[in-house]
Amino acid sequence: MTTTTTTATVPARGSRVRWLLAAVLSTRTAPRVADVGLLIVRLTLAFIFIYHGSRRLFGWFDGPGLDSSADYFANTAHLHPGMFFAVLGGTIEFAGGIALALGFFSRLAGLAIFGDMMMAIITVTHADGFNSTAGAGWELNLALGVLALVPAFFGSGRFSIDAALERRLLRADAAAP
């Protein structure tokens, strides 16, 4: 009978550096880290879009409200009828923000918010340039729109209603004969 003894070894300095480089340069993301990242993205976007959507729709936070937003859409953005586009934009922002916060239909909410931001660029901010000192440039719309593609492409992660519904559907499918 042979016995083996295992001893813990302290990694040599070179292997510690190699381990650190591997951790920093890795293109693989740990699932829990990815889920936390998705949660942070969703909640940040939710805060921004609930805030702006509620300003447009309800006049909250000293916002313009629906009538002024409709005038803006008709006269500045040249979208007619202005009221329709004010309600559409405000609803995408407000409801999309709530959907992202809850992680409920996050892929659709992300796509809708991306479309909303691209419309803002096309209709309003493109004329001022990327980063304008005279007015609002379109760089912020671009950044928010592209950031909204993160939940659109990757879903909402495990900390969401979407994930809970998916788990429930998978259990029901597994239990079905």
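Where a number appears in this text, it was derived from the coordinates with a stated rule and is not lab data. Values in this document were obtained by computation on a predicted structure and should not be read as measured data. Every residue, glycine as well, gets a Cβ built from its backbone with ideal geometry; the counts of neighbours run over all protein chains shown.
Tabulated values for the structure
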| read-out | value |
| --- | --- |
| Reference-scaled alpha-carbon Rg (2.2 N^0.38 Å with N residues) for the chain | 1.49 |
| Residue-averaged [θ]222 nm for the chain, counting only DSSP H segments that reach four residues, each worth -39500 (n - 2.57) | -23000 deg cm²/dmol |
| For GLY137, distant residues with modelled amide H under 5 Å away | SER132 |
| Fewest-first ranking of THR91, THR27, using other Cβ atoms within 10 Å as the exposure measure | THR27, THR91 |
| For the range 36-83 versus the range 106-140, the gap between their alpha-carbon centres in whole angstrom | 12 |
| Nearest 10 degrees, 0 to 90: helix 82-102 Cα axis against the chain principal axis | 20 |
| J(HN,Hα) series, the range 59-69, from Karplus relation 6.51 cos²θ - 1.76 cosθ + 1.60, nearest Hz, glycine and proline x | x, 5, 6, 6, x, x, x, 6, 5, 5, 5 |
| Burial ordering of ARG171, ARG42, fewest other beta-carbon atoms within 10 Å first | ARG171, ARG42 |
| Qualifying chymotrypsin sites (Phe, Trp or Tyr not before Pro) for the range 33-64 [loop in DSSP, other Cβ within 10 Å: at most 16] | TRP60, PHE61 |
| Cβ-based exposure ranking for SER160, SER54, in which fewest neighbours within 10 Å come first | SER54, SER160 |
| 3J(HN,Hα) from dihedral phi, the range 31-48, Karplus parametrisation 6.51/-1.76/1.60, rounded to Hz, x for glycine, proline | x, 5, 5, 4, 5, 5, x, 4, 4, 4, 4, 4, 5, 5, 4, 4, 4, 4 |
| 5 angstrom amide H check on LEU79, placed H, neighbours 5+ away | ALA74 |
